[in-house]
Structure formats: structure tokens, C-alpha cells
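The values are calculated or read from the model by the stated rules, or taken from the named source; none is laboratory data. Since the model is a prediction, treat every value here as computed from it, not as a measurement. Here the Cβ positions follow ideal geometry from the backbone for every residue, glycine too, while neighbour counts run over all protein chains shown.
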Amino acid sequence: MSEALLKAGERLDDLHRNNFRIIQNPAYFTFGMDAVLLSSFAAVHKNETHMDLCSGNGIIPILLAAKNRGISYGGVEINEKLADMAVRSVALNGLEDKIRIHNADIRALGGFGANFDVVTANPPYMAGGTGAKNESYDRAIARHEILCNLEDVASAAAKLLRFGGRFYMVHRPGRLADIVVALRKYGLEPKTLRLVQPKAGAAPNMLLIAAAKGGKPHMDIKPPLVVYDDAGQYTKEIYEIYYE
């Protein structure tokens with residue numbers, strides 16, 4: 001029955017959580033470690049509501065629904081092909097009553113209102129579409145700031161969040177100054193920062209940041225999250241994030 005949901009070029013991948021699986025197509029988008037780490041960094045508490053921006057194939061809301069006790073989860077994805085995959089993955093896992101996927105532009109979300117407790121985003125990292133000309137359009141818009149940029153993401157998050165609501169994002173360390181500026185411009189105060197290192201002593205290649213709408217200035221810097229140990233295996237913390 002699950003195979004009947006697949007279209008040409010698609011595959012089913014196990015998420016190692018609640019027996020959930022996800023539909024992916026390498027020609028368009030496949031989730032990476034950044035999405036998994038964001039789903040662990042973010043918290044959706046009991047009876048809270050959530051929305052994910054730049055949601056791709058729905059990986060973040062599906063993982064959050066597996067790990068948290070929120071009352072509802074959602075995703076906004078502009079690419080019709082990816083949004084369709086997300087909708088079918090939600091159905092595959094029997095989560096239609098918990099997760100709603102919206103095929104929409106995050107720059108035009110006027111109908112939602114400031115009604116969410118938590119917003120997450122794993123947005124395109126690369127500014128200005130640099131290098132995008134060598135990629136397919138579907139892959140390029142997932143990686144490069146072509147259809148939205150960092151400021152669009154911060155603006156959308158601020159519009160969706162209630163006062164005191166929390167915004168969680170994964171991004172690249174080289175954009176940290178831009179991130180802080182964009183968040184503060186839209187009233188999202190950075191509260192927690194954690195850098196991700198491939199191995200101990202290596203330069204970080206990802207960052208996880210949390211902000212609060214209307215929060216007071218103060219940011220906690222957490223110890224780095226190290227991905228691989230000296231033997232090239234996942235560290236205990238990474239292993240526990242990936243597997244139940």
C-alpha cells in the first residue's frame with residue numbers, strides 16, 4: 001500500500017522514530033543532518049502549535065510530531081512537487097489529524113496570523129543564488145536564496161509567532177552576523193546558540209539558533225555539538241538524536 005503512494009524517481013526512507021517513513025526524490029530534495037539536528041534542538045511543548053518554513057518534503061514537522069507533544073504541526077513549502085511529497089508522507093504515517101502542509105510562499109502568509117507558539121526553519125543557506133546556475137531549478141531553490149532570503153524567513157516567522165513564541169533555525173556559521181541582524185529587525189531576540197562541529201577541534205559547519213518574539217537581550221552559548229568521534233563514528237549525542 002505504501003509503495004502505491006510513490007511516483008517516478010521516489011523512494012521511502014525510514015526515520016527511526018515511531019516507525020515513521022518519508023517520501024524522497026534525490027532529483028528534487030533529500031533531507032540531511034541539518035534537518036535532524038533542528039528537530040532535536042527545537043521543542044514543541046504539550047498543547048503548543050507549530051509551523052515550519054521552507055519545509056521541503058515535510059521532514060521537520062514529521063520528526064517534531066514524533067518527538068514532541070504539540071497539538072498541531074505544519075509546513076509551508078513553495079515548491080509544488082515537494083509539498084506534494086510532504087502531503088503524501090503525512091498520509092503515509094497517519095498524521096493527517098496532526099500535520100497540515102501548505103503549498104505557499106512564505107512571503108505571502110497574511111491569512112495565518114500570529115497564532116503559533118513555535119516556528120522552525122531550515123532555509124536556503126547560500127546568499128544571492130551563487131553557484132545555482134549549475135543545479136536543477138528544484139535543487140537550486142532549496143539551497144540558494146532565490147525565492148526567499150534570510151530576511152524573508154525572519155519576517156515570516158515574526159508574523160506567525162504569538163508574543164513570547166519561539167523561533168528555531170539551522171544555518172551556516174558564516175551567516176551568523178546576518179542572522180542576528182535579521183532576527184532583531186523583526187523583533188525576534190536571539191536567546192540560544194549552539195555550533196555544530198564535524199569533529200572535536202574542527203571549525204563549525206552548522207549553527208542552531210533559537211529566538212523569542214519580544215524577548216529581552218541575552219543569548220546563551222551552548223557547548224558545541226560534535227558529530228564524529230576520533231574513530232569516525234557518530235558521537236553518543238548524535239546517535240541518540242538519530243535513533244530511538
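For A91, the conditions (1) touching a strand residue (DSSP E or B) at 6+ places or on another chain (Cβ under 8 Å); (2) surrounded by fewer than 23 Cβ atoms within 10 Å (Cβ to Cβ) all hold with the exception of (1). Could you check segment 208-229 and list, in sequence order, the residues that are in contact (Cβ under 8 Å) with a residue 40 or more places away in the chain and under 14 Å from G187 (Cα atoms)? Selection gives A210, A211, A212, K213, G214, G215.
Across segment 190-213, not a single residue is classified as part of a helix (DSSP H, G or I), surrounded by 14 or more Cβ atoms within 10 Å (Cβ to Cβ) and either aliphatic (A, V, I, L, M) or out of contact with any Phe, Trp or Tyr (no Cβ under 7 Å at 6 or more places or on another chain) (or both).
On inspection, F112 passes the criterion of being over 26 Å from L15 (Cβ atoms) and in contact (Cβ under 8 Å) with a residue 60 or more places away in the chain. In the set A27, A35, only one residue is more than 16 Å from L95 (Cα to Cα) and surrounded by 14 or more Cβ atoms within 10 Å (Cβ to Cβ); that residue is A35. Within segment 218-244, if we keep just the residues that are touching a strand residue (DSSP E or B) at 6+ places or on another chain (Cβ under 6 Å) and assigned to a loop (DSSP other than H, G, I, E, B), the residue that is farthest from D14 (Cα to Cα) turns out to be M219. Within segment 19-29, being of a type outside the set (F, W, Y) and over 13 Å from A83 (Cα atoms) holds for N19, R21, P26, A27.
Scanning segment 143-184 for residues that are touching a residue at least 24 places away in the same chain (Cβ under 8 Å), part of a strand (DSSP E or B) and in contact with a Gly (Cβ under 8 Å, 6 or more places away or on another chain) turns up F163, G164.
So that you can scan it fast, the table gives a plain yes or no per residue for (1) under 18 Å from the mean Cα position of the chain (by Cα); (2) closer than 14 Å to L53 by Cα; (3) of a type in the set (D, E):
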{"position": "R69", "(1), (2), (3)": "yes, no, no"}
{"position": "L82", "(1), (2), (3)": "yes, yes, no"}
{"position": "M85", "(1), (2), (3)": "yes, no, no"}
{"position": "N93", "(1), (2), (3)": "no, no, no"}
{"position": "I99", "(1), (2), (3)": "yes, yes, no"}
{"position": "D105", "(1), (2), (3)": "yes, yes, yes"}
{"position": "V119", "(1), (2), (3)": "yes, yes, no"}
{"position": "L160", "(1), (2), (3)": "yes, yes, no"}
{"position": "A177", "(1), (2), (3)": "no, no, no"}
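Taking first residues from segment 185-207 that are at pLDDT 95 or above and partners that are part of a strand (DSSP E or B) and among the hydroxyl-bearing types (S, T, Y), the Cβ contacts under 8 Å between residues at least 6 apart in sequence or on separate chains come to P198/Y228; K199/Y228.
Can you say whether G70 is assigned to a strand (DSSP E or B) and at pLDDT 95 or above, as far as the supplied structure shows? For G70, the condition - assigned to a strand (DSSP E or B) and at pLDDT 95 or above - is not met.
Among the residues making up segment 136-154, those that are buried (at least 19 other Cβ atoms within 10 Å of the Cβ) and not charged (D, E, K, R) are I141, A142, H144, C148, N149, L150, V153, A154.
Of the residues making up segment 33-52, those that are assigned to a helix (DSSP H, G or I) and under 12 Å from L63 (Cα atoms) are A35, V36, L37, L38, S39, S40, F41.
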